[in-house]
Structure formats: structure tokens, C-alpha cells
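To start, the structure itself, in C-alpha cells.
The values are calculated or read from the model by the stated rules, or taken from the named source; none is laboratory data. These numbers were taken from a predicted model, which means no experiment stands behind them. Positions of Cβ are backbone-derived with ideal geometry, glycine not excepted, and every protein chain shown enters the neighbour counts. Protein only, heavy atoms only, side chains kept; ligands, DNA and RNA dropped before computing areas. Shrake-Rupley method; radii C 1.70, N 1.55, O 1.52, S 1.80 Å.
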Amino acid sequence: MPKKYVTVSIINMVTLIKKRIKNYRFWIGYSFSKTIVNFPTLQKQSFPSNFNQQHVLNISQTLKVNQFEFALGWNFATGSPYTRFIPDENGFAGNRIPTNGINGSRFKDYHRLDASMIYRFDFKTKNPWGIVLGFSLRNIYNRNNTIDQGLTEVGTDEIIIESFEKQSLRLTPDVVIRFNF
């Protein structure tokens, strides 16, 4: 009888374009990735791995004006795959794999817009002393992004798996104070 092995197939392509015009910088990065798992003792057909986020696009730009630096960035990614468990007669998710298989469902696409501003105090001395003050906003349009699936055990008589969604941060302000010496 032939042995059955677990195999993982990975295809990955990354592209980065970067341009600088005086005090303005622009980056655009794109990656295509496909990760497929073949686990015949678990499921006959291949299925996407948990990390199979096929398309990721990042666009960033910064503008430096005197001691100020302004930045704006946008991130997009296709939703991660997950397994939608089938509820049993009691309404729990149970341990049954759905007909579309392991990781046969995908979360909604992920995207967010971030912005920041910093000010660099430059003390004109022989020593490289300096202070940087900054403020940023992450996920400016306060989008609710589901980024992963968590699993927990429920029930006392038998093991029942229940899933829950993990969310990214919503609108998040951030302040930075950095001392250079």
C-alpha cells in the first residue's frame, strides 16, 4: 500500500516600484502568492493553506517639507481562507467539515488607509541631538477587517469546536516622541 504524504506547493511573486522626486517619495508593492496543501488522509482534494493570501497591494507616499514629513499609505489584501464549520442539531459548529472542504471559504478583502505626520526638531549642535514628534492614524475610515479565524473548544461531554473571527484594529491614533542622541 503506497504511503500518503503531506505536500505544500508555494508560488510567490513580489514586485516593488519606488520613485523619488526631490522631497517626495512614492512606493507601490504587489505580491502574488498561492500556497496549496495536499493532505490525502485528511481530505482527497488539495486545499488552500491558512496563509494563502493571494493578492497584497501596498501604496505609500511621503512628502518632506522643511522639518515636517507627511505620509499616506493604503493597504489591500484578498481575504484569508478559513473553514466554515457546519452547525449540528444543537446549533454548535461541531467537527464536521463542509462540502466545500477545508479552507473552502474566504473572508472579505482587507483594506485600510493610514496617515501620519512627524516634526523633526534639529538642534544645530556638534552632537547629533534631536527630537521627533509625530502623530498617526491607522485605518482612517474605521473599516472592520476580519483577518483570521480562531477556534475554541465548547461542551463538556464531547469535544465540539466553535469558531470565531479575529478582527484588525479599527481607527487607531498613535503618538510618538523619539529622542536621538
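Exposed loop sites here are trypsin sites (Lys or Arg not before Pro) assigned a DSSP state other than H, G, I, E or B and surrounded by at most 12 other beta carbons within 10 Å; excluding them, the longest clear run of the chain is 127-181. One quarter of the convex hull surface built on the alpha carbon atoms of the stretch 5-87 amounts to 8.2 nm², the projected area averaged over directions. Split the accessible area of the chain by element, probe 1.4 Å, and carbon with sulfur accounts for 59%.
Accessible surface of Thr172, taken over heavy atoms with a 1.4 Å probe and every protein chain present, rounds to 40 Å². In square angstrom, rounded to the nearest 10, how much accessible surface does Asp148 have for a 1.4 Å probe? About 70 Å², ignoring ligands and nucleic acids. Between Ser31 and Arg178, how high is the FRET efficiency from 1/(1 + (r/R0)^6) when r is the Cβ-Cβ distance and R₀ = 35 Å? Nearest 0.05. For Ser31 and Arg178, the calculated efficiency is 0.70.
Treating only the Cα positions of the chain as identical point scatterers, give the base-10 log of I(q)/I(0) from the Debye formula at each q in 0.10, 0.11, 0.13 Å⁻¹. Debye intensities relative to I(0), on a log10 scale: -0.63, -0.71, -0.87.
Annotation: per residue accessible area for the stretch 14-67 equals 71 Å², rounded to a whole number [probe 1.4 Å, protein chains only]. If a spin label sat at a point 7 angstrom from the Cα of Gln43 along the line to its beta carbon, the backbone N atoms of the stretch 98-113 nearer than 17 Å would be those of 98-108.
In terms of distances greater than 19 angstrom between alpha carbons, the cross-link table entries Lys18/Lys64; Lys18/Lys108; Lys22/Lys64 yield Lys18/Lys108.
Once the mean of 1/r is taken over each pair of separate Cα atoms and inverted, the stretch 99-165 shows a Kirkwood hydrodynamic radius of 17.3 Å. 3J(HN,Hα) along the stretch 63-79, derived from phi through the Karplus expression 6.51 cos²θ - 1.76 cosθ + 1.60 where θ = phi - 60°, amounts to 10, 9, 10, 6, 8, 8, 9, 10, 9, 9, x, 10, 10, 9, 8, 5, x Hz, with x in place of Gly and Pro. Under 5 Å between amide hydrogens, built in the peptide plane, is the criterion, and for Gln54 it picks out Thr78 among residues at least 5 positions away or on other chains.
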